Amino acid sequence: MRRPVAAVAAGVLVIEAVVIAFVNLVLGLAVKRQSMSLGGLAPGAMSTGAFAAGAAFALFLLCCAAIAVRAAIVDRSPGRFARIALVVCAVLHCVLGAAVVGMVGWLAFVAMMVTLGLVVATLVLYAELGAPRNGAAPEGGGTASPTSP
C-alpha cells in the first residue's frame, strides 16, 4: 500500500506545481500589464516577485514529488533531509488550505487537504521502515555481556 500512495502523492504534487506556476505567471503578467502597485512598490518588482515566487514554489513541490517517486520506486523510507522536506510540504498545505478556504472556496480547501493527506500518508507509511530509535536493541537480539575468564 506504500508504493501506490507515494506514487499518487507524487502525481498530485506535480499537478499542483504546474497549477501554481501557471497561476503565478498569470498574476505576474496581470500586474505587469496593468502597472499595478501596492504600497509604492514598483510594478516591475511586483511582477518579478510573482514570477520568482511561483517558480520557487513549483520547484519545491517538484522536489517533494521526486522524493515521493524515489520512495515509491525503491520502497524505502526517505532520508532525514527528504523527510524534513515532506514535513515542510505538509505544513505548507495546512497553511494554504486555511488561506484558500476564504479566498477561493471549499473545493480548493478539499484539494489542499487531499494533498496534505497523501503527503502525510507517505510519511507515516514509510516511517516504520526507518532506522531503529535510540535505546532500541540491536538486531542481534540483545546486549552483549562480557565473558568472564
Worksheet entry | Whole-Hz ³J(HN,Hα) from phi, Karplus 6.51 cos²θ - 1.76 cosθ + 1.60, for the range 54-59, glycine and proline x | x, 5, 5, 5, 5, 5
Worksheet, complete the sentence: If every Lys and Arg gets +1 and every Asp and Glu gets -1 at its Cβ, then about the Cα centre the chain yields a dipole, in debye to the nearest 20, of 180
Worksheet item: Along the charge dipole of the chain, Cβ charges K/R +1 and D/E -1, which of 53, 127, 88 sits furthest on the positive end?
Response: 53
Worksheet item: How big is the shadow of the Cα convex hull of the range 1-124, averaged over all directions, in nm²?
Response: 8.1
Discussion item. Could you derive backbone 3J(HN,Hα) for the range 65-73 from the dihedral phi with the Karplus parameters 6.51, -1.76 and 1.60 (θ = phi - 60°), listing whole Hz in sequence and x where the residue is Gly or Pro?
Written reply: 5, 5, 4, 5, 5, 4, 5, 5, 6
Fill in: Pair-distance profile P(r), taking every C-alpha pair of the range 8-54, with 5 angstrom steps and integer %
5, 25, 23, 17, 11, 8, 7, 4, 1
Worksheet, complete the sentence: With R₀ set to 35 angstrom, the calculated FRET efficiency between the beta-carbons of residue 66 and residue 107, to the nearest 0.05, is 0.80
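Computed from the coordinates by the stated procedures, all read-outs in this text should not be read as laboratory data. Note that this is a predicted model, so its numbers are computed, not measured. FYI the Cβ positions are ideal-geometry reconstructions off the backbone, even for glycines, and counts take in every protein chain you see.
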